[in-house]
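Colleague: Just passing along the structure, written as structure tokens.
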Amino acid sequence: MMVTAQLVPRQHESLSSNIRWRILTFFILMVCLGFLVFLLHIAEGTKYFLAGALIGVGAGGGIGEVASSFERRESRQRMGELREVVLARCRLAYGMGEYAFNFYAEISKGQNQDPEVEEFLYRADLLGIRTTFDLLVKGADPNNPELHDQLVGRVERGMIFLGQPLYMFFRLGQDIRAIRGDDAKTKAEARKIVSERVASYLAKASGFMEGVRVDRAWSNINHLWDQGSLESDEVDDLLFAVNSFFLLLGLDQFGYLLWKAILNQLGKMKISGDRSQDLTSLLANIRAARS
């Protein structure tokens, strides 16, 4: 099995892709039927009435269908543009979650200029909420034993303020970062809690996944992990694939299309007690993509 993704630049939808061809075909057939009526040996008045009615309705309906396709195309393009903006903000929120743990840790140590602190604040800036976090960093006292909890609380409230979807992506970034750490690999119970939380977020955020069954892929990863079918580096590869998918979510470029294809294939796999050749091949593709 080979997982491939083609690099296809985004273009405006063609007019033909927005025409409902079954409906247009029906109207065309009505026009044709109207012309056939002229060949019938019936009364002239009846013939012209039936032919005119069929041709008129068919032509009018066909023209109306073509005209309405312009509106449908414009509407889909506007919706696509809005979706791109939403997915861009979701990527930013996910990235903030990725850097959250190191942000808390470095600020608690007084390392306010750490690169990961700057990266966290940069993404917050792009989301329009940097000011509140700048004030938080400026007023942080490393000697305060409650500083870490205060940082977590303030950041959580700030992300909740952005709305439930962005908060979910923030938590996804944070939890997927956590489950990739050493603690999750050595503490099965801690990993189970985080994994279940990720699964719940994935179920709620399914509408943002562009048709990719990330929830099924996540379930299969954890099933394989639980039954001991994966080596440690293979677990890393699968979690890397999930993380890369979210970091590039919705971007029209080869990297995103590749991770999208990989997670789609993983989600469709029938996981059994025996390790399949498809899984081995998929892991090889991920390893190749990482190198």
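The values are calculated or read from the model by the stated rules, or taken from the named source; none is laboratory data. Quick caveat, the model's predicted, so the values are computed rather than measured. Every residue, glycine as well, gets a Cβ built from its backbone with ideal geometry; the counts of neighbours run over all protein chains shown.
Colleague: How many residues are assigned to a loop (DSSP other than H, G, I, E, B) and modelled with pLDDT of 85 or more if we restrict to segment 252-271?
Modeller: As a first pass, look at segment 252-271 and keep what is assigned to a loop (DSSP other than H, G, I, E, B): 252-253, 269-271.
If we keep only those that are modelled with pLDDT of 85 or more too, we end up with 269.
Going through segment 252-271 one residue at a time, the tally reaches 1.
Colleague: Using beta carbons and a limit of 8 Å, which pairs, at least six apart or on different chains, have the first residue in segment 129-149 and more than 12 Å from residue 107 (Cβ to Cβ) and aromatic (Phe, Trp, Tyr) and the second one part of a helix (DSSP H, G or I) and modelled with pLDDT of 90 or more?
Modeller: Note: no pairs meet the criteria.
Colleague: Next question. Going by the structure shown, is residue 156 loosely packed, with under 11 Cβ neighbours inside 10 Å, without any contact (Cβ under 8 Å) to a residue 60 or more places away in the chain and either out of contact with any helix residue (DSSP H, G or I) (no Cβ under 8 Å at 6 or more places or on another chain) or within 28 Å of residue 202 (Cβ to Cβ) (or both)? Give the steps one after another, and end with the answer.
Modeller: Details: loosely packed, with under 11 Cβ neighbours inside 10 Å: no; without any contact (Cβ under 8 Å) to a residue 60 or more places away in the chain: yes; either out of contact with any helix residue (DSSP H, G or I) (no Cβ under 8 Å at 6 or more places or on another chain) or within 28 Å of residue 202 (Cβ to Cβ) (or both): yes.
The answer is no for residue 156.
Colleague: Here is a follow-up. For segment 161-175, indicate whether the set of residues that are part of a helix (DSSP H, G or I), out of contact with any helix residue (DSSP H, G or I) (no Cβ under 8 Å at 6 or more places or on another chain) and over 28 Å from residue 209 (Cα atoms) is non-empty.
Modeller: Scanning segment 161-175, I find no residue that is part of a helix (DSSP H, G or I), out of contact with any helix residue (DSSP H, G or I) (no Cβ under 8 Å at 6 or more places or on another chain) and over 28 Å from residue 209 (Cα atoms), so the answer is no.
Colleague: Can you find a residue that is outside any helix (DSSP H, G or I), modelled with pLDDT under 80 and among the aromatic types (Phe, Trp, Tyr) anywhere in segment 36-51?
Modeller: Yes, segment 36-51 has at least one match.
Colleague: Something else: With farther than 27 Å from residue 219 by Cα and surrounded by 14 or more Cβ atoms within 10 Å (Cβ to Cβ) as the only criterion, which of 170, 161, 133 stands out?
Modeller: Numbers: 170 fails: farther than 27 Å from residue 219 by Cα; 161 fails: surrounded by 14 or more Cβ atoms within 10 Å (Cβ to Cβ).
Result of the check over 170, 161, 133: 133.
Residues checked against (1) of a type outside the set (Gly, Ala, Ser); (2) out of contact with any strand residue (DSSP E or B) (no Cβ under 6 Å at 6 or more places or on another chain); (3) farther than 16 Å from residue 93 by Cα:
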| site | (1), (2), (3) |
| --- | --- |
| 163 | no, yes, no |
| 171 | yes, yes, no |
| 174 | yes, yes, no |
| 187 | yes, yes, yes |
| 199 | no, yes, yes |
| 203 | no, yes, yes |
| 209 | yes, yes, no |
| 219 | no, yes, yes |
| 222 | yes, yes, yes |
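Colleague: Another one. Please work out which residue is nearest to residue 96 (Cα to Cα), limiting yourself to segment 238-291 and to residues that are hydroxyl-bearing (Ser, Thr, Tyr) and surrounded by fewer than 16 Cβ atoms within 10 Å (Cβ to Cβ). Let's see the steps before the verdict.
Modeller: We begin by selecting, within segment 238-291, every residue hydroxyl-bearing (Ser, Thr, Tyr); these are 244, 256, 272, 276, 280-281, 291.
Okay, now just the ones that are also surrounded by fewer than 16 Cβ atoms within 10 Å (Cβ to Cβ), so 272, 276, 280-281, 291.
Details: 272: 36, 276: 36, 280: 33, 281: 32, 291: 25 Å.
Looking at the filtered set, the residue picked out is 291.
Colleague: Can I ask one more? Would you check which residues across segment 168-207 are without any contact (Cβ under 8 Å) to a residue 60 or more places away in the chain and of a type in the set (Asp, Glu) and list them?
Modeller: 182, 183, 189, 196
Colleague: Got at least one residue in segment 189-205 being touching a Gly at 6+ places or on another chain (Cβ under 9 Å), of a type in the set (Ser, Thr, Tyr) and either within 25 Å of residue 165 (Cα to Cα) or part of a helix (DSSP H, G or I) (or both)? Please lay out each step first, then the result.
Modeller: The first filter runs over segment 189-205 and keeps only residues touching a Gly at 6+ places or on another chain (Cβ under 9 Å), leaving none.
No, every residue in segment 189-205 fails to be touching a Gly at 6+ places or on another chain (Cβ under 9 Å), of a type in the set (Ser, Thr, Tyr) and either within 25 Å of residue 165 (Cα to Cα) or part of a helix (DSSP H, G or I) (or both).
Matching residues to (1) in contact with a His (Cβ under 8 Å, 6 or more places away or on another chain); (2) under 13 Å from residue 266 (Cβ atoms); (3) not aliphatic (A, V, I, L, M):
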| site | (1), (2), (3) |
| --- | --- |
| 192 | no, no, yes |
| 195 | no, no, yes |
| 211 | no, no, yes |
| 225 | no, yes, yes |
| 231 | no, no, yes |
| 248 | no, no, no |
